[in-house]
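Undergrad: Got a structure here, written out as structure tokens. Questions coming.
The values are calculated or read from the model by the stated rules, or taken from the named source; none is laboratory data. As the structure is a prediction and not an experimental result, all values here were calculated from the model. Glycine also receives a Cβ, built like all others from the backbone with ideal geometry; neighbour counts cover every protein chain displayed. Surface areas here come from the heavy atoms of the whole protein model, side chains and all, with no ligands, DNA or RNA. Shrake-Rupley method; radii C 1.70, N 1.55, O 1.52, S 1.80 Å.
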Amino acid sequence: MTHWFHRNPLKATAPVSFSYYAMITGPPASKICNDLRSSRARLLESFTDLSCDPETMKNAADLYFSLLQGFINSPDESTQESKLRYIQNFKWTDTLQGQVPSAQQDAVFELISMGFNVALWYTKYASRLAGKENVTEDEAKEVHRSLKIAAGIFKHLKESHIPRLLTPAEKGRDLEARLIEAYIIQCQAEAQEVTIARAIELKHAPGLIAALAYETASFYQRADHTLSSLEPAYSAKWRKYLHLKMCFYTAYAYCYHGQTLLASDKCGEAIRSLQEAEKLYAKAEALCKEYGETKGPGPTVKPSGHLFFRKLGNLVKNTLEKCQRENGFIYFQKIPTEAPQLELKANYGLVEPVPFEFPPMNAQWTPEALAAFDLTKRPKDDSAKPKPEDEVKPVKEPDIKPQKDTGCSIS
């Protein structure tokens, strides 16, 4: 599965010092600010550290988010928001719109943006793990779980935190409903790909594999439709990927549905189903080429070069030839002009996001610690406001070299 999954770039952010010298009137506030600064820097470093695993990421993210909570909610367990929510400006780029940052003076914006990057990290970790030469069963489960965790984080941000922003997300930005929904659906679809590969390896019933493939293709179709109204300049490449995956898994569905029809002595219908699979596989191959030629964010992956991709082509060809032989010797059935309607519903293996919640407020946040921030001493020339030197530098993501493809990637 090396480079089988398309990935958009990580979000980049300007440094934040959390330095409020004039406002800090006691050691508890000073320590919180120091810990916020160091934990934010550590979390940002973790995003590009190839040795980082889910446990390390969770610990780094939980520490920073627990500290940031004091800038959002009051520590006295009331429903009031923190008096510190709007004292710091945060700058973040978007995954599709290059290095043009958005800025909001709102700690909720920081919580959402950093949470978004954590979710992206899980998708990239899954992609990297799936790209190993020989993926073990435990690693395949880790890929599956990481994608479900990412979907859960995106879903939680969309439902519980983005609505809290005072400044709504601009069109085409990451926090806008269309984009975050596409990320959720893509994570679910990719997790189901792991399920399909496992079902094929364990030789589950063709009807189950066909239904899972059809549901997965439907996920990719939904994600593509969600992005259809975005500016093609930055969405075209991502949409080509979603479209080719939709065609690929629809071809899978027709291929395995054909096997089910043949087993039921419906050889003519099986041939027509396999012919449709052949047509869709050819279309997926053409879309792979178009995807490679389309400019846009994220490195270009090469699905058509994968053994997992090529295996389907051989399976369709061999199964179609078998059906045609059987029809010539045994069944003599007429081949329908229309492809069979796929009305397949999988009863097993469907992916749901793992529910996500941000960690509770760090124990350092007490009413006394909050009181040690004196907003009356906030300088008129507020240092929290954006400065020209608060430059947002692009994230240097590690270049993952493709490994030898054995075809055992996500089994």
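Undergrad: If R0 is 41 Å, what FRET efficiency do you get for Ser160 and Gln324 from their C-beta distance, rounded to 0.05?
TA: My answer for the efficiency is 0.15.
Undergrad: Taking Lys91 as the anchor, which aspartates and glutamates have their alpha carbon closer than 18 Å to its alpha carbon, excluding any fewer than eight residues away along the same chain?
TA: Glu45, Asp106, Glu110, Glu170, Asp174, Glu176, Asp382, Glu389, Asp390, Glu391
Undergrad: To continue, here is another question. For the stretch 147-201, state the average projected area of the convex hull of the C-alpha atoms over all orientations, rounded to one decimal in nm².
TA: 3.9 nm²
Undergrad: Another question, then. Over the stretch 61-188, how many percent of alpha carbon pairs lie in each 5 Å bin up to the one with the longest distance?
TA: Spelled out per bin, shortest first, that is 2, 10, 18, 20, 18, 13, 9, 5, 3, 1, 0.
Undergrad: Can you tell me the relative contact order of the chain? Whole percent, Cα pairs under 8 Å, sequence separation 6 or more.
TA: 28 percent
Undergrad: Right, another one. For Lys171, give me every one of the aspartates and glutamates with a C-alpha distance below 16 angstrom, ignoring sequence neighbours fewer than eight places off in its own chain.
TA: Reachable aspartates and glutamates: Asp94, Glu181, Glu231.
Undergrad: Another question about this same structure. Leaving ligands, DNA and RNA out of it, report the carbon-plus-sulfur percent of the accessible area of the stretch 210-252 at a 1.4 Å probe.
TA: 50 percent
Undergrad: Mind checking the full-extension length gain between Gln364 and Ala41? Use 0.36 nm per residue of separation minus the Cα-Cα distance, one decimal, nm.
TA: Roughly 114.4 nm would be gained on extension.
Undergrad: Here are some values of Cα extents along the principal axes in Å: [x] 91, 38, 37; [y] 106, 82, 39; [z] 87, 59, 37. Which one was computed from this structure?
TA: [x]
Undergrad: Using only the Cα atoms of the stretch 1-120, what semi-axes does the equivalent ellipsoid have when each is the square root of 5 times a gyration tensor eigenvalue? Give whole Å, largest first.
TA: Equivalent ellipsoid semi-axes, largest first: 28, 16, 13 Å.
Undergrad: Measuring with a 1.4 Å probe in the full set of protein chains, what accessible area per residue, in whole Å², belongs to the chain?
TA: With the other protein chains kept in place, the chain gives 46 Å² per residue.
Undergrad: Which of Lys237/Lys283; Lys132/Lys295; Lys11/Lys155; Lys240/Lys295 have a Cα-Cα distance over 21 Å?
TA: Distance filter (> 21 Å) returns Lys132/Lys295.
Undergrad: What angle do you read, to the nearest 10 degrees and between 0 and 90, between the alpha-carbon axis of helix 137-156 and the longest principal axis of the chain?
TA: The angle comes out near 60 degrees.
Undergrad: Among 231-242, 9-20, 103-114, 359-370, how do they line up from the highest to the lowest mean number of other beta-carbon atoms within 10 Å?
TA: 103-114, 231-242, 9-20, 359-370
Undergrad: Only loop residues by DSSP count here, and only those with at most 10 other Cβ atoms within 10 Å; note down the trypsin sites (Lys or Arg not before Pro) in the stretch 126-217 that meet that.
TA: In loop regions of the stretch 126-217 (DSSP not H, G, I, E or B), the sparsely surrounded trypsin sites (Lys or Arg not before Pro) are Lys203.
Undergrad: To continue, here is another question. Given H placed 1.01 Å from N in the peptide plane, which residues other than close sequence neighbours of Phe90 have an amide H under 5 Å from its amide H?
TA: Gln104, Gln105, Asp106
Undergrad: For the stretch 53-111, which whole percent of the accessible surface, found with a 1.4 angstrom probe, sits on carbon and sulfur atoms?
TA: Exposed carbon and sulfur together represent 46 percent of the surface.
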